[in-house]
1. Please give the number of the condition N25 fails out of (1) of a type outside the set (S, T, Y); (2) surrounded by fewer than 15 Cβ atoms within 10 Å (Cβ to Cβ); (3) in a helix (DSSP H, G or I); (4) touching a residue at least 24 places away in the same chain (Cβ under 8 Å).
2. What is the one condition in (1) over 17 Å from G70 (Cα atoms); (2) touching a residue at least 40 places away in the same chain (Cβ under 8 Å) that A11 does not satisfy?
3. How many of the residues in the range 15-45 are farther than 18 Å from V65 by Cβ and either aliphatic (A, V, I, L, M) or in contact with a Leu (Cβ under 7 Å, 6 or more places away or on another chain) (or both)?
4. Does at least one position in the range 1-15 carry a residue that is surrounded by 17 or more Cβ atoms within 10 Å (Cβ to Cβ) and either among the hydroxyl-bearing types (S, T, Y) or touching a Lys or Arg at 6+ places or on another chain (Cβ under 6 Å) (or both)?
5. A51 - would you say it is surrounded by fewer than 19 Cβ atoms within 10 Å (Cβ to Cβ), of a type in the set (A, V, I, L, M) and farther than 21 Å from F3 by Cβ?
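Taken together, the values in this text are just the output of simple stated rules run on the coordinates, not laboratory data. Only a predicted model underlies this, so the values are computations on that prediction, with no experimental measurement involved. Backbone-built Cβ (ideal geometry, glycine too); neighbour counts: all protein chains shown.
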Amino acid sequence: MDFLNLLQWPAMAVTVTAAWLVASNSKRKRHWGFWIYLLSNLLWVAWGLHAQAYALIALQFCLAVMNIRGARKTDAGGKETP
C-alpha cells in the first residue's frame with residue numbers, strides 16, 4: 001500500500017479536528033479551525049488526485065473558498081458568544 005492511498009486517513013482526522021474547533025465558542029479556536037480546514041482541503045486534493053476523484057477535488061476547492069471566508073470573518077472581529 002502506498003503513502004498516497006493512506007493519506008485519506010490523516011485527511012479525515014484533520015477534517016474532524018477542524019470541525020470540532022469551528023464549533024467552539026472561542027474565537028481563537030474557530031479561527032484555527034478554519035485554517036486547519038484549509039489544511040484538510042489540501043490533503044483531500046492530494047488524495048483525490050491520486051484516486052482520480054475529480055468531484056471530491058472540485059468540492060475541496062469550493063469548501064476552501066468558504067473556509068477562507070470564515071477565517072476572514074473571524075479575523076474581522078465577529079462577536080464572541082457566551
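1. Just one mismatch for N25, condition (3).
2. (2)
3. Within the range 15-45, residues that are farther than 18 Å from V65 by Cβ and either aliphatic (A, V, I, L, M) or in contact with a Leu (Cβ under 7 Å, 6 or more places away or on another chain) (or both) number 5.
4. Yes, the range 1-15 has at least one match.
5. Considered against the rule, which asks whether it is surrounded by fewer than 19 Cβ atoms within 10 Å (Cβ to Cβ), of a type in the set (A, V, I, L, M) and farther than 21 Å from F3 by Cβ, A51 comes out as no.
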